[in-house]
1. Please work out which residue is farthest from the other protein chains (Cβ to nearest Cβ), limiting yourself to the stretch B:44-83 and to residues that are under 18 Å from residue B:211 (Cα atoms) and hydrophobic (A, V, I, L, M, F, W, C).
2. As an exercise: evaluate residue B:109 against (1) without any contact (Cβ under 8 Å) to a residue 40 or more places away in the chain; (2) touching a Ser or Thr at 6+ places or on another chain (Cβ under 8 Å); (3) more than 21 Å from residue A:168 (Cβ to Cβ); (4) within 13 Å of chain A (Cβ to nearest Cβ) and give the number of the one condition it does not meet.
3. Can you tell me how many residues within the stretch A:29-82 are farther than 30 Å from residue A:133 by Cα, more than 22 Å from the chain's Cα centre (by Cα) and part of a helix (DSSP H, G or I)?
4. Please enumerate the residues belonging to the stretch B:180-221 that are in contact with an Asp or Glu (Cβ under 7 Å, 6 or more places away or on another chain) and among the small types (Gly, Ala, Ser).
5. Taking into account only those residues within the stretch A:74-117 that are within 11 Å of chain B (Cβ to nearest Cβ) and of a type outside the set (S, T, N, Q), which is surrounded by the fewest Cβ atoms within 10 Å (Cβ to Cβ)?
6. Filter the stretch B:64-77 down to the residues that are within 15 Å of residue B:27 (Cβ to Cβ) and not in a loop (DSSP other than H, G, I, E, B) and list them by number.
7. Does the stretch B:159-166 contain any residue that is of a type outside the set (A, V, I, L, M), more than 18 Å from the chain's Cα centre (by Cα) and under 26 Å from residue A:86 (Cβ atoms)?
Amino acid sequence: MTLSADDWTALALTAQLAALVTLILFVLGTPLAWWLARTTSNWRGPVMAVVALPIVLPPTVIGFYLLIALGPNGPGGQFTQAIGIGLLPFTFWGLVVASVIYSLPFMVQPLQAAFEAIGRRPLESAATLRASPLDTFFSVVVPLSWPGFLTAGVLAFAHTVGEFGVVLMLGGNLAGETRVASVQLYDYVEAFDYAGAHRLAAVLMVFSFLVLLAVYARRPRAA
Amino acid sequence: MHRLSALMFALGLGLPGTSAHAGEVALAVAANFLEPARVISAAFTRATGHSVHISGGATGKFYAQIVNGAPFDVLLAADDETPARLIAGKQAVPGSAFTYAVGRLALWSADDKKVDPAATALRNGQFRFLAVANPKTAPYGRAALETLKSMQIDVPDNKRVVGESIAQTWQFAASGNAELGFVALSQIWKDGKLTRGSAWVVPDSLHTPIRQDAVLLTRGQNNAAARALLDWMKQPATQRIIQSYGYGT
Amino acid sequence: MSALQLSAHWARGGFDLDLDLDLPARGITALFGHSGSGKTTLLRLVAGLERAPARIALGSEVWQDAQHFLPPHRRPIGFVFQDAALFPHLTARANIEFGRRRADAAMTDAELAHLVELLGIGPLLERKPARLSGGEAQRVAIARALALKPRVLLMDEPLAALDDRRRAEILPYLEALHGELAIPLLYVTHSTEEVARLADHLVVLESGRVIWNGTVAEGLAAQGIQHLSARVLHADDAGCCIEIAGQTLDLPGVRATAGDTLALKFASRADGTLPAEI
């Protein structure tokens with residue numbers, strides 16, 4: 001079973017996109033999830049609803065609005081031009097931005113649940129032992145919630161690999177730049193090249209399964 | 001003549017909406033023809049009482065769906081190959097295919113100063129991105145590439161963004177993300193003029209004609225309303241509507 | 001020696017605190033009261049775990065007043081929670097090291113070794129909290145809090161979550177500790193027995209107000225409770241014999257162990273008779 005060079009490019013692009021997005025989401029999502037888990041502010045509900053929106057909205061809707069917002073006439077596009085990075089649609093970084101938005105709830109929700117499960121006591125305990133809030137986070141919260149981090153990372157990664165609607169709307173299907181594996185696969189199907197589609201789909205499935213297996217096989221079983 | 005046949009329809013099939021013989025047509029329409037299809041179907045329903053359920057999308061996608069049993073009665077394709085393939089594969093009724101519209105290709109920009117009759121911006125590469133429909137699936141995409149070849153213009157891959165359908169191609173151009181796009185004239189033309197932006201209508205000689213064929217699908221072969229719709233498409237009044245949207249007939 | 005000063009006057013959701021307290025700079029001060037009396041809230045205020053308008057100072061060091069609030073991790077306190085609250089992902093030793101590593105002037109290795117021996121937790125150090133009994137965990141928690149060399153030790157009903165046997169096991173350790181501590185210990189409890197056995201000073205709270213701030217014996221008596229301590233001389237299955245107030249007393253049917261110290265609680269009844277409970 002041999003894949004074409006285009007296929008490998010698409011797969012590499014997909015892997016890069018998913019890895020980068022997952023990393024960015026860890027950095028952005030962790031403080032957000034922590035705030036949501038701890039705050040008593042009235043903003044908590046609305047913020048949770050906004051975070052959850054990408055789950056509910058059709059991906060093509062998200063892609064459509066991003067296309068407009070990041071375009072030359074949209075607020076996002078005008079901003080990116082003003083700071084000198086040009087326009088994001090049809091670029092790899094445009095996909096990164098779109099994927100970060102699209103996969104945000106898959107990072108934030110598991111983290112928030114894990115943080116909430118810790119409760120108040122370990123945090124109070126740490127405070128009485130001279131640990132500052134930041135110190136407490138890294139020495140107590142993270143060790144007690146690492147399964148949550150794992151779940152969040154895997155879900156965000158897998159979700160980005162499977163992303164299609166948003167990519168199609170915002171990507172423009174440029175080889176080597178935005179033609180990720182899901183789009184490449186779709187092209188095969190549209191062109192009735194089912195043999196090519198099967199080959200690529202098989203590799204994609206095996207790759208995804210192995211990633212998920214490597215992560216889930218190590219998780220501790222619930223007592 | 002047309003009024004007489006319309007009268008006959010009305011007499012034969014009863015008043016719109018109240019007839020016991022009111023049928024339903026499941027219609028699959030190529031994305032570029034969606035708006036005229038809605039207008040034509042509305043007129044058809046008013047005249048005959050049959051209701052029409054319209055699904056718009058890429059012709060290639062419809063092909064795959066129909067082959068796998070999708071419940072459509074009639075297909076208004078964006079090309080002439082797909083109906084032919086359907087007939088060959090026994091998913092459509094032989095002899096029922098005919099050209100309902102001839103697609104016109106246009107180079108368009110949402111910016112009303114960008115495109116001139118000489119298509120200078122295209123020739124001189126004065127653009128970041130040119131939007132083109134996927135040639136593997138959309139005849140407008142194929143026609144666009146043929147046009148570029150005829151004009152001997154080479155657009156590098158990284159400046160050419162590909163839309164999944166002609167509708168998406170239009171969106172790329174309409175949002176301004178692609179300064180230029182090869183779209184269907186019907187998408188930017190209404191009542192004899194351009195709806196917005198600037199355009200250059202591509203001469204027919206530069207590409208293979210985009211014949212858009214209609215065909216009766218096997219599933220609809222016993223559906224009287226479906227056959228009636230196909231007849232309706234050939235009516236002069238319908239043809240005039242089609243032309244007003246920027247198609248040839 | 002600096003004393004702990006607390007001043008709080010506020011109302012919150014049907015509950016208020018209205019008190020001004022100056023607490024001794026040494027020894028065990030018991031904060032006694034029934035549930036809802038405000039004793040735990042008061043303790044948590046001192047720790048900085050609750051945030052409410054109050055003035056809290058240790059000697060000349062103001063921890064909290066109308067303008068400032070020193071967060072809990074900056075207060076020189078040690079805190080023992082009712083449920084020990086050991087970190088489940090760390091061994092007992094690592095739990096103790098957690099605070100010790102972070103405090104400015106923590107115990108030396110020698111001091112810690114002495115404390116470990118005093119509390120009898122040497123054999124437990126390499127275990128994780130899941131493998132410690134309630135009493136063992138509590139002793140580790142006490143060591144963990146003391147390893148920081150706090151200037152005040154705060155204990156929130158440390159024995160309340162333990163069954164009678166475990167409680168009886170720990171009390172001697174606490175009594176031993178009592179002798180060694182040079183810092184004030186604020187001990188929240190609703191058990192008069194613990195007050196009688198451990199406290200040097202008694203503060204009684206009711207509905208957020210202080211209704212007693214003074215000696216233990218008089219305080220308990222004012223509650224209608226009298227305590228005397230007794231020592232068990234000898235015991236067998238039939239009963240025991242105790243030495244109390246300079247006299248010996250046989251208690252048939254009462255089980256005890258020779259050499260134990262008991263607290264006998266006498267609660268007065270309206271008719272003036274004194275039923276005894278052990």
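The values are calculated or read from the model by the stated rules, or taken from the named source; none is laboratory data. The structure displayed is predicted, hence computed values, not measured ones. Note: ideal-geometry Cβ built from the backbone for every residue, glycine included; neighbour counts use all protein chains shown.
1. Ranking the candidates gives B:74 first.
2. Of (1) without any contact (Cβ under 8 Å) to a residue 40 or more places away in the chain; (2) touching a Ser or Thr at 6+ places or on another chain (Cβ under 8 Å); (3) more than 21 Å from residue A:168 (Cβ to Cβ); (4) within 13 Å of chain A (Cβ to nearest Cβ), only one is false for residue B:109: (1).
3. 5
4. B:197, B:198, B:220
5. A:86
6. B:65, B:66, B:74, B:75, B:76 - these are the residues of the stretch B:64-77 that are within 15 Å of residue B:27 (Cβ to Cβ) and not in a loop (DSSP other than H, G, I, E, B).
7. Yes, because at least one residue in the stretch B:159-166 is of a type outside the set (A, V, I, L, M), more than 18 Å from the chain's Cα centre (by Cα) and under 26 Å from residue A:86 (Cβ atoms).
Each row is one residue, and each column tells you yes or no for (1) at pLDDT below 90; (2) surrounded by fewer than 23 Cβ atoms within 10 Å (Cβ to Cβ).
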position	(1), (2)
B:42	no, yes
B:57	yes, yes
B:91	no, yes
B:103	yes, no
B:132	no, no
B:135	yes, yes
B:139	yes, no
